[in-house]
Amino acid sequence: MPLDPSVSLRSTTVSRLRAAGCVFAEDEAELLFSAARHAAELDVLVERRAAGLPLEHVVGWAEFGGLRIAVDPGVFVPRRRTEFLIERAVALAGPGALCVDLCCGSGAAGAVLLSAVPGARVYAADIDPAAVACARRNIEPRGGHVVGGDLFAPLPDALLGRVEVLVANVPYVPTEEVGLLPPEAREHEPLVALDGGPDGLDVLRRVAAEAPAWLAPGGHLLVETSERQTGAAVAAVSAHGLDARIVTCGERYATVLVATRVA
């Protein structure tokens, strides 16, 4: 049963979080109260958050796409802006669509596809064993499949030429800018989920090179990127025969590349 904090405990907790630099201290305090069963456990959770751990790692979950997604320590935390990517994927996926969640992290994208698309068939993959274990908790109870390995390598060959929606939330931070990320990300999330190479597009290029073989005719590849990378990102997928367009959401500062196999 969640802790029912007194006024003084609530005030003290908010003050501790604010002193640690938590901008949304009141909101974070409420989440910590809901996760703690007693005052001693709350103290531990607040101490971990004040030490810089991502809130999602402290409480063990993140709200994403209307779902509560389990997020284990050391696993990439799904971003709110990525909900725009998944909304676009859901809109393109018809009932029973065969979908792949590549670089799946916690499996948030795959979980939303399974929940929002009637009869969706979802395979998810990640190279990080911790992410694979976490994704299995979020995806397999909903009827999906999770495999471990580098990009497309662990996917069953039976999916070749049949994937209707391919979501690839690839790392896109340029290597020299990883050190500029908030400490929550650079110290507590895997580098493989953040570092996209010299210009941030190394992994996207690898995905673009293989995607046409996996996509069904008319199938779509959706990738999150940054506004300043759009030209190079479009060129990367167009070089492999995919028809690319950029969609954006100003409210969430989200930029998504949608590339379609036209034949």
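The values are calculated or read from the model by the stated rules, or taken from the named source; none is laboratory data. This is a predicted model, so every value here is computed, not measured. Here the Cβ positions follow ideal geometry from the backbone for every residue, glycine too, while neighbour counts run over all protein chains shown. Protein only, heavy atoms only, side chains kept; ligands, DNA and RNA dropped before computing areas. Shrake-Rupley method; radii C 1.70, N 1.55, O 1.52, S 1.80 Å.
F24 falls short on exactly one of the conditions (1) surrounded by fewer than 16 Cβ atoms within 10 Å (Cβ to Cβ); (2) among the hydrophobic types (A, V, I, L, M, F, W, C); (3) more than 25 Å from G250 (Cα to Cα), and that condition is (3). Being open to solvent by less than 20 Å² (accessible area, probe 1.4 Å) and free of Cβ contacts under 8 Å to residues at least 60 places away in the same chain is the filter here, so list the residues in region 56-77 that pass it. Listed by number, the residues that qualify are V58, A62, F64.
Per the listing H188, H220, the residue uniquely in contact with a Gly (Cβ under 9 Å, 6 or more places away or on another chain) and not aliphatic (A, V, I, L, M) is H188. State whether the residues of region 33-47 include one that is surrounded by 18 or more Cβ atoms within 10 Å (Cβ to Cβ) and of a type in the set (V, I, T). Yes, because at least one residue in region 33-47 is surrounded by 18 or more Cβ atoms within 10 Å (Cβ to Cβ) and of a type in the set (V, I, T). Taking the listed residues G231, G218, the one that is under 21 Å from L85 (Cα atoms), among the small types (G, A, S), open to solvent by 10 Å² or more (accessible area, probe 1.4 Å) and part of a strand (DSSP E or B) is G218, with no other qualifying.
Before we move on, is R136 more than 14 Å from V207 (Cβ to Cβ) and without any contact (Cβ under 8 Å) to a residue 40 or more places away in the chain? Answer is yes for this residue. Note on region 157-168: among residues that are open to solvent by less than 50 Å² (accessible area, probe 1.4 Å) and over 17 Å from the mean Cα position of the chain (by Cα), the one that is farthest from V192 (Cα to Cα) is G161. Only residues that are outside any strand (DSSP E or B), open to solvent by less than 10 Å² (accessible area, probe 1.4 Å) and farther than 22 Å from R79 by Cβ were counted across region 95-154, and they come to 2. Take V178 and tell me if it is closer than 21 Å to V207 by Cβ, open to solvent by 10 Å² or more (accessible area, probe 1.4 Å) and either of a type in the set (S, T, N, Q) or not in a strand (DSSP E or B) (or both). It is true that V178 is closer than 21 Å to V207 by Cβ, open to solvent by 10 Å² or more (accessible area, probe 1.4 Å) and either of a type in the set (S, T, N, Q) or not in a strand (DSSP E or B) (or both).
Conditions (1) touching a helix residue (DSSP H, G or I) at 6+ places or on another chain (Cβ under 9 Å); (2) under 30 Å from C22 (Cα atoms); (3) exposed (fewer than 15 other Cβ atoms within 10 Å of the Cβ), marked per residue:
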position	(1), (2), (3)
A211	yes, no, no
H240	yes, no, no
D243	yes, no, yes
T248	yes, yes, yes
V256	yes, yes, no
